[in-house]
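J.: There's a structure below that I have some questions on.
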Amino acid sequence: MQLARFPRLRFAHLPTPLEPLDRLSAALGGPHILVKRDDATGLAFGGNKTRKLEYLCAAALAERADTLITTGGVQSNHVRQTVAAAARFGLACEVLLSRVVPDTGADYEATGNILLDRLLGATVHMLPAEVDRPVAMAERAEVLRQMGRRPYVVPYGGSNAIGALGYVDCAAELERQCDEAGILVDAIVHATGSGGTQAGLSVGFRALNSDIRVIGIDVNGDADHTAEFVRTCAAATAEMLGFDPEPIVSRVRVEPRFAGPGYGIATDGMVEAVRQLAASEGLILDPVYTGKAMAGLIDLVKRGTFSRTDTVVFLHTGGTPALFAYRDCFGTDPSTRAEHPKIS
Ligand SMILES: *Cc1c(COP(=O)(O)O)cnc(C)c1O
């Protein structure tokens, strides 16, 4: 592929493991489900933004930037990984956070990702919810330039053509892993938000002439809008790499129905999926992305989307620090407060 001509820093722990979820597969009666552990990319609790940041940080350093600017919600995993990458390369990092999730409590404001952002050295600016984030980032960059600094703006979710290269590369990594293990994959399912992950995978599999289906599960509560993010980013990425965008863009599939009322708002399906995977596989999912994506995968299986003998990869995109900010969703179940069994 053309990937080698783009500068890249190497700090992700790659390849991430590909592990069977045999107990989940058995509980559902097939298909054969595996998990690709991009929660284990290694940078400050890991997650999918780390692959994107290998390319984005390389671009920032190539421009001799001294500061990264990015944006997201209070519990943004993207922001946390960007702040960590900045720390790793001796760059300052300014983050513009907005309160996009309604009715959050004290845990949400103080633990999980926001705690880590501060620990990692971010300068945190709170944005009113109605402010346009790209505009706010451009304005902050201008202020910093006036002060003689060299800011580099990392887009929301790290989702532009540069960031998506991380997932073009992931498609190739997964194919190599499957070849070595003698596994034929029919579909990959993952949470889709700002679109760069799905865009990169879609371009990557196309470039490899693979017809693995990429199924994004919308976490924004507006699947049409999310699909538009994916298509825009996929088209830009395809063009940058010299592929015809049309066949890629026309195959983009984003599943509605699993985000619930909106981004970051807990759903029963999410809580159930997080509990099920923890209790039956020892695998920790998150409340905002992978819990909803797993609820989606389980539902798609139950609706007969896959045949029993298909092989489906669930891409674990990370997000686990946010679990602590959603403690209230998981603390009330009697099974988690069970009496100690009597030992006789
Ligand atoms: C950002 C994020 C996603 C979505 O990835 P996009 O590339 O923004 O679509 C999924 N899962 C987690 C945990 C994330 O932080």
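J.: Collect residues whose amide H, placed 1.01 Å from N in the peptide plane, falls under 5 Å from the amide H of THR41; neighbours closer than 5 in sequence don't count.
T.: Under 5 Å from the amide H of THR41: GLY47.
J.: If you find the alpha carbon centre of the stretch 173-196 and of the stretch 1-46, how far apart are they in angstrom?
T.: Cα centroid of the stretch 173-196 versus Cα centroid of the stretch 1-46: 8 Å apart.
J.: Along the Cα-to-Cβ line of LEU61, 7 Å from the Cα, sits a label point; which residues in the stretch 29-53 have backbone N less than 14 Å from it?
T.: Only 53 pass the distance filter.
J.: Enumerate the calculated ³J(HN,Hα) couplings along the stretch 189-199 in order (Karplus 6.51 cos²θ - 1.76 cosθ + 1.60, θ = phi - 60°), each rounded to whole Hz, writing x wherever the residue is Gly or Pro.
T.: Working through the residues one at a time gives 10, 7, 6, 10, x, 8, x, x, 5, 5, 4 Hz.
J.: Turning to a different aspect of this structure: Would you pull out the residues with amide H under 5 Å of ARG213's amide H, same chain only if 5 or more places away, H placed 1.01 Å from N?
T.: HN-HN under 5 Å from ARG213: ALA187, ILE188.
J.: When only C-alpha pairs under 8 Å and at least 6 residues apart count, what is the relative contact order of the chain, in percent?
T.: 21
J.: Under the rule of at least 5 residues apart or a separate chain, name every residue whose amide H is placed under 5 Å from the amide H of LEU34.
T.: For LEU34, the qualifying residues are LEU21, VAL312, VAL313, PHE314.
J.: With the contact rule set at Cα under 8 Å and sequence spacing of 6 or more, what percent relative contact order holds for the stretch 1-134?
T.: 20
J.: Here is a further query. Using alpha carbons only, how many angstrom separate the centre of the stretch 104-166 from the centre of the stretch 240-306?
T.: Comparing the Cα centres of the stretch 104-166 and the stretch 240-306, I get a distance of 25 Å.
J.: Evaluate the distance, in nm, between pseudo-label points positioned 7 Å from the Cα of HIS125 and of ARG5 along their respective Cα→Cβ axes.
T.: Between HIS125 and ARG5, the simple spin-label model gives 3.6 nm.
J.: Now for a different question. Can you pull the Kirkwood radius for the stretch 1-148, inverse mean 1/r over Cα pairs, to one decimal in Å?
T.: 17.2
J.: Applying the Karplus parametrisation 6.51 cos²θ - 1.76 cosθ + 1.60 with θ = phi - 60° to the phi angles of the stretch 120-135, what ³J(HN,Hα) value in whole Hz is obtained for each residue in order, glycine and proline being reported as x?
T.: With the stated coefficients, the stretch 120-135 comes to 7, x, 5, 8, 9, 10, 8, 9, x, 4, 7, 6, 6, 5, x, 5 Hz.
J.: Continuing with this model, one more query. Per residue of the stretch 109-118, in order, report the coupling 6.51 cos²θ - 1.76 cosθ + 1.60 (Karplus, θ = phi - 60°) as ³J(HN,Hα) in whole Hz, putting x for Gly and Pro.
T.: 7, 10, 10, x, 4, 5, 4, 5, 4, 5
J.: So if I place +1 on the C-beta of Lys and Arg and -1 on the C-beta of Asp and Glu, and nothing else carries charge, what would the dipole magnitude of the stretch 1-69 be about its Cα centre? I want it in debye, nearest 20.
T.: Roughly 180 debye, rounded to the nearest 20.
Every number in this text was worked out from the coordinates using simple rules, so none of it is lab data. If you're wondering where the values come from, they're calculated on a predicted model, not measured in any experiment. Here the Cβ is made from the backbone with ideal geometry for all residues, glycine too, and neighbour counts use every protein chain on show.
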